[in-house]
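Reviewing the structure listed below.
Just so it is clear, none of the values below were taken in a lab; they were calculated from the coordinates. Note that the structure is predicted; figures quoted are calculated from it, not measured. Counting neighbours? That spans all protein chains shown, and the Cβs are built from the backbone with ideal geometry, glycine included.
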Amino acid sequence: MTKNNHNETPVAHFFLICKANPILLERLLQTVRYRGFQVLNMSSNDLENGDTEVNFLVKGQAKLTTLKKSLETIIDVQQCYLTDDKAKLATLLEMGFSNMINPFISNTAQQQAVG
Amino acid sequence: MKIGADLIIDTLYQQGVTEVFGYPGGTIMPVYDALFRSNERNVPIKHYLCRHEQGAGFAAVGFSRSTGKTGVCIATSGPGATNLITALADAKLDSVPVVAITGQVPRPLMGTNAFQEVDVFGLSLASCKHSFQVMDQSELEDTINQAFRIANEGRPGPVLIDIPKDVQMNTVIKQVAVNLPTSSTQLMTEDQFDTAKSLILKAKKPVFYVGGGVDIAGVSDQLNALLSHTQLPAVTTLKGIGSIKSSYPHFMGMLGMHGNGAANLAVQECDLLIALGARFDDRVTGKLSSFAAKAKVLHIDVDNSELNKLRQVELAITCGLETALPAIEQQFAVIDASDKQQWQAWRDECAELKQIHQWNYDCPAKGIYAPALLNELSNIMPRSTVITCDVGQHQMWVAQHMKFDSTKNHLSSGGAGTMGFGLPVAIGAKVARPNDQVIAVCGDGSIMMNIQELGTIKRFNLGVKILLVDNAKLGMVKQWQELFFDQRLSETDLSDNPDFVKLASAFDIQGRTITKPSEVSQALKEFVEFDGAFILHVKIDAQDNVWPLVPPGAANQDMIGNGPVENQPIKDVG
């Protein structure tokens, strides 16, 4: 997990593929907050197949694996990918993490996601 | 053509619902009208009018927990819905399948601060497993069906369906699918299975740590068979009580903050902890870093988010116990004598712990001693009796001193610890199991939180028995004030309680008050044998506290009030 420059709080990136739902983002944010993280940046994109892809960057001291597993238990979440490796995260941030193909997630999953 | 409200009732009926609990109000009136007409429409659903929406929510919880079926509750928008939330939060923490239907203001008024408008959908995000707001009547049927599926699938939990009034009143022309993802069942892999078996066979001091998930998965019989094959020591959480037959010779009791001394010490001493459907709650582990510190841990749970959440384990298996436990049980059905024998020294050690830490009912206090009272009740009541509890000292005494052979007979608010739980949950249990005795063991603080449900008992002539354990205190808080707040007893005195027997009589419920130990046996006999609702009001010794106790932040082996000083007034144990 990498650290941001300001206060050394760990930062990580999530990429989700979800069933589109008006409450989806609110539900994700509630889970992120409850599990002890703060969202630094977030974007979502409705896909042609009716799904929604969501990217967000979080920071927090709590357990990332618990957050990931909690996100996976949400009914609307179909796939959940976590990137917390410092080098990979730096690459993602440099690329601008929204509206992109994450090079660290399998191509098949992303091709399915972006239709 | 039918309207949305009729479709709601039809779909509930198709789901097998024949009893619901609720309270009417403005925005849910179309549903109540449909309920009124349900007999003539040949979809008979009996509605139990509770006297508060929280009572209705908890009655649905009791209905569910005493049977394994889905409980259903109904309320109006705004305060009606917010009153349900406590029961739903309780159901979420204890993994209880409940479907709650709430009315909402008509769609054109939503978001305008309309009369009785509260964003209950927003509130439900934190208190329910899932929630829906149905904005078109065409989605009603599939939404309700999905709600029942989600409530029961994987780790069960409450699902709320918020339905605007105009959606209930509109004619349903077509029905469409909500199209939600379905979860896939995860099975135990062969590698996991082999590793689990190897861990168990290599362990010198294994202990089973059994949580509420075992009964939820419906595999208590397989667990008992596995224990019978291995003859290994086992402990349960509060919610696991009843999963292990009370006659099992190596059952050590409940562990944790108010657990049995032997159970806590066995876990602290074990070298393998086999956690089944349990979640390492802070009331179980005490100081986490010291909990079962010598042990490797094998953890099986259907909820992946519980694995490695608090305790890092050697083998974490995300799998429904309904598939995992029968497979393990079969594997150990034929077990080598040498394998079985290798644990004999450990069995002997645990048996000695049990002997040392067995409960002592010779309390020196002058008044009625609640643990002895509850133990006596446990010995004379029919084995099929359902006991519900409120929250506090009496709740822990029930867990410690009563024997259960099914978790469906011990309904206690575990995760949320909700005062006022016992009485409405008993109502739900009695509706679900009318032929079984149902006893609510209440505290004098807790019972007042849902006392209005005496009206529900009267209206439906439900034979719910109430054993009121009265120390004229908020006893558990008082105990902590004595121990950890230098005896400053802040706002825990309830010496101005009402006359509970008179109060019950106002609802045509008979009752009796006892104050002396000499009255206990006869009073309990009459209580158990009485045909109908009855309140036995027991004034206990206010000095009695719950022992042992693991102080906050301490390790479980550092429990106080254990052993020779057990049952002593607080000043004697320091």
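Per residue, the Cα convex hull of segment B:397-495 amounts to 114 Å³. Fewest-first ordering of B:354, B:366, B:69 by other beta carbons within 10 Å of each residue's beta carbon gives B:366, B:69, B:354.
Three semi-axes describe the equivalent ellipsoid of segment B:193-235; taken as square roots of 5 times the Cα gyration tensor eigenvalues and ordered largest first, they are 19, 12, 10 Å.
Oblate is the label for segment B:1-91, because a/c, from the alpha-carbon gyration tensor with a ≥ b ≥ c as root eigenvalues, is 1.5 or above and a/b does not exceed b/c. With R₀ set to 30 Å, the beta-carbon distance separating residue B:221 from residue A:85 gives a calculated FRET efficiency near 0.05. One chain, two ends: residue B:531 and residue B:37. Fully extended at 0.36 nm per residue, the span grows by 174.5 nm beyond their Cα-Cα distance. Compactness of segment B:175-321 is given as radius of gyration and Dmax, 15.8, 60 Å, from Cα positions. Rounded to the nearest 5, the antiparallel percentage of DSSP beta bridges internal to chain B is 5%. Roughly what percent of Cα-Cα pairs across segment B:123-235 reach past 22 Å? Summing the P(r) of segment B:123-235 above 22 Å gives 55 percent of all pairs.
Per-residue ellipticity at 222 nm computed for chain B from its helices equals -10500 deg cm²/dmol, with DSSP H segments shorter than 4 residues left out and the rest contributing -39,500 (n - 2.57). Of the cross-linked pairs B:408/B:458; B:287/B:516; A:19/B:197; B:366/B:408; B:340/B:403, which ones have a Cα-Cα span greater than 31 Å in the structure shown? Beyond 31 Å: B:287/B:516; A:19/B:197; B:366/B:408. Computed over segment B:247-289, the convex hull of the alpha-carbon atoms projects to a mean area of 3.5 nm². A convex hull fitted to the Cα coordinates of the protein assembly as shown yields 176 cubic angstrom per residue. Helix B:79-93 and the longest principal axis of the Cα set of chain B meet at an angle near 30°. The mean sequence separation of alpha-carbon pairs under 8 Å and at least six residues apart, normalised by the residue count of segment B:384-479, gives a relative contact order of 34 percent.
Once Rh is set to the Kirkwood radius over Cα pairs, what Stokes-Einstein translational diffusion coefficient, in µm²/s, holds for segment B:442-574 at a temperature of 25 °C and a viscosity of 0.890 mPa s? Taking Rh from Cα pairs, D becomes 147 µm²/s.
A cut-off of 5 Å between modelled amide H atoms, ignoring neighbours fewer than 5 places along the same chain, links residue B:3 with B:172. Of the Cα atoms belonging to segment B:387-445, the radius of gyration and Dmax stand at 10.7, 29 Å. Relative to the longest principal axis of the Cα atoms of chain B, the long axis of helix B:475-484 makes an angle of roughly 50 degrees.
Using the alpha-carbon positions of chain B, Rg (one decimal) and Dmax (whole number) come out as 24.4, 74 Å.
For segment B:516-558, the normalised intensity computed at q = 0.14, 0.16, 0.27, 0.34 Å⁻¹ comes to -0.57, -0.64, -1.00, -1.16 (log10 of I(q)/I(0), Debye sum over alpha carbons, equal scatterers, no solvent). Shape class for segment B:323-481, computed from the alpha carbon gyration tensor (a ≥ b ≥ c): oblate, with a/c not under 1.5 and a/b at or below b/c. Please list, in order, the residues from segment B:263-305 whose amide nitrogen is less than 16 Å from a point placed 7 Å along the Cα→Cβ vector of residue B:345. Flagged as within label range: B:269-272. Here is the P(r) of segment B:441-516: all C-alpha pair distances, binned every 10 Å from 0, give 17, 44, 25, 11, 2 in whole percents.
Under the simplified labelling scheme, the residue A:95-residue B:293 pair shows an inter-label distance of 4.6 nm, with each label point 7 Å from Cα along Cα→Cβ. Applying 0.36 nm per residue to the separation of residue B:126 and residue B:204 and subtracting their alpha-carbon distance, the gain on full extension is 23.8 nm.
Extents of segment B:46-87, largest first, come to 30, 21, 14 Å (Cα atoms, principal axes, whole angstrom). In chain B, the longest principal axis of the Cα atoms and the axis of helix B:344-356 are about 80 degrees apart.
Within a straight-line Cα-Cα reach of under 20 Å, residue B:525 can be paired with the following aspartates and glutamates, leaving aside sequence neighbours fewer than 8 residues apart in one chain: B:376, B:436, B:470. Overall, the anisotropy analysis places segment B:323-380 in the oblate class: the square-rooted eigenvalues a ≥ b ≥ c of its C-alpha gyration tensor yield a/c not less than 1.5, with a/b not exceeding b/c.
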